[in-house]
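J.: Right, I'll just put the structure down here and ask away after.
The values are calculated or read from the model by the stated rules, or taken from the named source; none is laboratory data. All values reported here derive from a predicted model rather than from experimental measurement. Neighbour counts run over all protein chains shown; Cβ positions are idealised from the backbone, glycine included. Heads up: the accessible areas ignore ligands, DNA and RNA and are worked out on the full protein's heavy atoms, side chains in. Shrake-Rupley method; radii C 1.70, N 1.55, O 1.52, S 1.80 Å.
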Amino acid sequence: MGWTGFIAAFAFFFLSHLLPVRPPLRTALVRVLGQGGFTLTYSALSVGVLALLIVEAGRAPHIPLWPWAAWQNHLALAIMVLACAVLALALGRPNPFSFGGVRNETFDPQRPGLVRLTRHPLLLALALWSLAHLIANGDMAHALLFGAFGAFATFGGRLVDKRKQRELGSNWGALSEEVRQQPIGRIFKSAPACDALRLVAAGALFQALIWLHPVVIGVSPLP
């Protein structure tokens, strides 16, 4: 089979992310599913196709690029803890600057939370996830896979910024500047009790990923 399955899964992944968010199709899907239903369906599809892509990367011809060492797994796990924390603190919260925000009309620029550090926390979580897995996998297929995701997470924010600037007009610059003026300490002062619960959820997510990894991917992430 060679590289065929990996290339096909890669193409399917990007098509499944590009087509549903195009304005005509997105509008039609939201009308049928509702905004919440669309977000849930799109998220489930993304996770499913991502799992397929990772499995196909494991089936691709193994071409080593750098040797494996035990410290790589330890470092990858530490980075994944941080990625889970970023995801838990950002998911389902208002964020008018990026995709994935909910109830954006309630966003308070004086209590921006994680948005004070980055306008695109979900992309930051993706970048950390990509880096962790790139460190732990030194073959060509996984380097292409996680390198591509890392590049998208690193540079994709610029594309999102341009789209959001068109949508928000002059409000984008004013809102962005107000957020930048807030103290770094406002990251956790917006809702400390809620943030604590989210960090507990991040720990549960990390443990679930550790348990599911050998079941879904076929490889344990533990050293």
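J.: Helix-only mean residue ellipticity at 222 nm, the chain, DSSP H runs n ≥ 4 weighted -39,500 (n - 2.57), per residue, nearest 500. What is it?
T.: Only helices count here, giving -24500 deg cm²/dmol.
J.: Still on this structure, I have one more. Remind me, relative contact order of the range 107-223 in percent, using alpha carbon pairs under 8 angstrom and six or more residues apart?
T.: 34
J.: Leaving ligands, DNA and RNA out of it, report the carbon-plus-sulfur percent of the accessible area of the range 82-183 at a 1.4 Å probe.
T.: 60
J.: Using amide H atoms built 1.01 Å from N in the peptide plane, name the residues 5+ places from residue 139, or on other chains, whose amide H lies under 5 Å from its own.
T.: Excluding prolines and chain starts, which carry no amide H, the hits are 65.
J.: Which angle from 0 to 90°, rounded to the nearest 10, does the C-alpha axis of helix 192-216 make with the longest principal axis of the chain?
T.: Relative to the chain, helix 192-216 is tipped by roughly 20 degrees.
J.: Just reorder 80, 140 by solvent-accessible area, largest first, 1.4 Å probe, all chains present.
T.: 140, 80
J.: Angle check, please: helix 23-59 long axis (alpha carbons) against the longest principal axis of the chain (alpha carbons), in degrees 0 to 90, nearest 10.
T.: 30
J.: Next question, about the same structure. Please work out which option in [x] 31, 22, 16; [y] 26, 23, 16; [z] 44, 25, 11 gives semi-axes √(5λ) of the Cα gyration tensor in Å calculated from these coordinates, and answer with its label.
T.: Label [x] holds the value from this structure.
J.: Take residue 99 and residue 159, extend 7 Å from each Cα along the Cα→Cβ direction, and tell me the distance between the two endpoints in nm.
T.: 0.8
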